[in-house]
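Visitor: This is the structure I have questions about; it appears just below.
The values are calculated or read from the model by the stated rules, or taken from the named source; none is laboratory data. None of the values given here were measured: they were computed from a predicted structure. Note that we place each Cβ from the backbone using ideal geometry, even for glycine, and neighbour counts take in every protein chain shown.
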Amino acid sequence: MVSYSIIGAGIAGLSLALELEEAGVDARVIEYRDRVGGVNILYPGIDSFIDCARHRTNIVSAAAIRINERIYELRGNSYSELRDAVAATGFRVATLPELGVYGDRPAGVYTFHAVLDLIHYGLLPGKRIVIYGDNAYAALLSNELTKLGCMVTLVTPTKIDSNPVSDVTMIKGTINRIKGASRVEGVRIYDKWIDADTLIVAIFKTHNPFPELRAIGQAVIESFDPNIIMESGKIMAHELIGDGEPIIIDSNIPIYPGNLIKGKTRRVIVALRGGGKIMINDKEYAIHGDAAVIDLPKTDKVCIRGVN
């Protein structure tokens, strides 16, 4: 019997594991952190799904690594080659040089993921915190740290749809410099310095360290919507099970999981940066946000086109 190893216990990996288990297919989720849910643990209402998945899926404490051209599971002092694996990875945090942030490199600069780990252990990264982010995750982390007693300034180069709580100071701008002899003392936005003892970087780049594997989640769908991220796991489960005749899709815009899907799935995720309209065969659909889940018509061939 085929069994699958899923690399990453974020909500996409957990969704895939649940769907496979419900279909009677063995699945195990590999996660090197001692928490699950990935970057989505702060989303309102997502904790119930994570708790359910934690108790109903087989989560293994291990890391996935590459040795030459092969991928291995590393657990303690032992390792074994991974076969029939799916990558459920997502975002990495952009580096300071990538963001054009110069100056000192003192203690007190954290990535978004590292701060989630600290909160998990009941720790705080600092007291006077600047979060540099342009997404809903940055806003959610601002809210959480404020609730925990921190003074938070959210600096964003673009508009964030999810509004922080009233106690969070929000500044639109670009951080270009850090100062501090041993610990962060301030960050500069254009020509203005903000007093801070902590800088949290929450600007993300999609990241999949195993591009040769089938992938789900934010690594392949640039969306911050947790429902769409979980849906990618459900769709991939049907692809792995392989039920139904294949459906050929002719599309001029990105679709997930691809242009040839299993007939039983009959759902795809359409990526359309900034939203807009598309035509599927002879029917028009409106896409709100950067991606949407679409039920396909019951035909063997489907044509998808973006509408200008």
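Visitor: Every residue in region 137-150 that is hydrophobic (A, V, I, L, M, F, W, C) and surrounded by 18 or more Cβ atoms within 10 Å (Cβ to Cβ), please. Talk me through it step by step, then tell me what you get.
Guide: Initially, region 137-150 is screened for residues hydrophobic (A, V, I, L, M, F, W, C), giving 138-141, 145, 148, 150.
Once the filter is applied, which keeps residues that are hydrophobic (A, V, I, L, M, F, W, C) and surrounded by 18 or more Cβ atoms within 10 Å (Cβ to Cβ), region 137-150 yields Ala138, Ala139, Leu140, Leu141, Leu145, Cys150.
Visitor: Only one residue in Thr146, Thr158 is assigned to a loop (DSSP other than H, G, I, E, B), within 30 Å of His288 (Cβ to Cβ) and in contact with an Asp or Glu (Cβ under 6 Å, 6 or more places away or on another chain). Which one? Write out each step before concluding.
Guide: Numbers: Thr146 fails: assigned to a loop (DSSP other than H, G, I, E, B).
Checking each option against the conditions leaves just Thr158.
Visitor: Which condition from (1) touching a Pro at 6+ places or on another chain (Cβ under 7 Å); (2) surrounded by fewer than 20 Cβ atoms within 10 Å (Cβ to Cβ) is the one that Asp250 breaks?
Guide: So Asp250 meets the others, but not (1).
Visitor: State yes or no: is Leu96 within 28 Å of Gly274 (Cβ to Cβ) and under 23 Å from the mean Cα position of the chain (by Cα)? First the steps, then the outcome.
Guide: Details: within 28 Å of Gly274 (Cβ to Cβ): yes; under 23 Å from the mean Cα position of the chain (by Cα): yes.
Here the answer is yes, as Leu96 does meet what is asked.
Visitor: Condition (residue is touching a strand residue (DSSP E or B) at 6+ places or on another chain (Cβ under 9 Å), surrounded by 15 or more Cβ atoms within 10 Å (Cβ to Cβ), in contact (Cβ under 8 Å) with a residue 24 or more places away in the chain and of a type outside the set (A, V, I, L, M, F, W, C)) applied to region 75-88: is it met by at least one residue?
Guide: Scanning region 75-88 turns up no residue that is touching a strand residue (DSSP E or B) at 6+ places or on another chain (Cβ under 9 Å), surrounded by 15 or more Cβ atoms within 10 Å (Cβ to Cβ), in contact (Cβ under 8 Å) with a residue 24 or more places away in the chain and of a type outside the set (A, V, I, L, M, F, W, C).
Visitor: Do we find a residue being buried (at least 18 other Cβ atoms within 10 Å of the Cβ), over 21 Å from Ile203 (Cα atoms) and touching a helix residue (DSSP H, G or I) at 6+ places or on another chain (Cβ under 7 Å) anywhere in region 90-112?
Guide: No, region 90-112 contains no residue that is buried (at least 18 other Cβ atoms within 10 Å of the Cβ), over 21 Å from Ile203 (Cα atoms) and touching a helix residue (DSSP H, G or I) at 6+ places or on another chain (Cβ under 7 Å).
Visitor: What number of residues in region 177-205 are farther than 16 Å from Asp104 by Cβ and exposed (fewer than 14 other Cβ atoms within 10 Å of the Cβ)?
Guide: The total comes to 4.
Visitor: How about region 161-210: which strands (runs of 3 or more DSSP E) wholly inside it have at least 3 residues that are in contact with a helix residue (DSSP H, G or I) (Cβ under 9 Å, 6 or more places away or on another chain) and either closer than 18 Å to Leu140 by Cβ or modelled with pLDDT under 95 (or both)? Even if it seems obvious, please write down each step before you answer.
Guide: Working: elements: 169-172, 175-179, 186-189, 192-195, 198-202, 204-206.
Qualifying strands (runs of 3 or more DSSP E): 198-202, 204-206.
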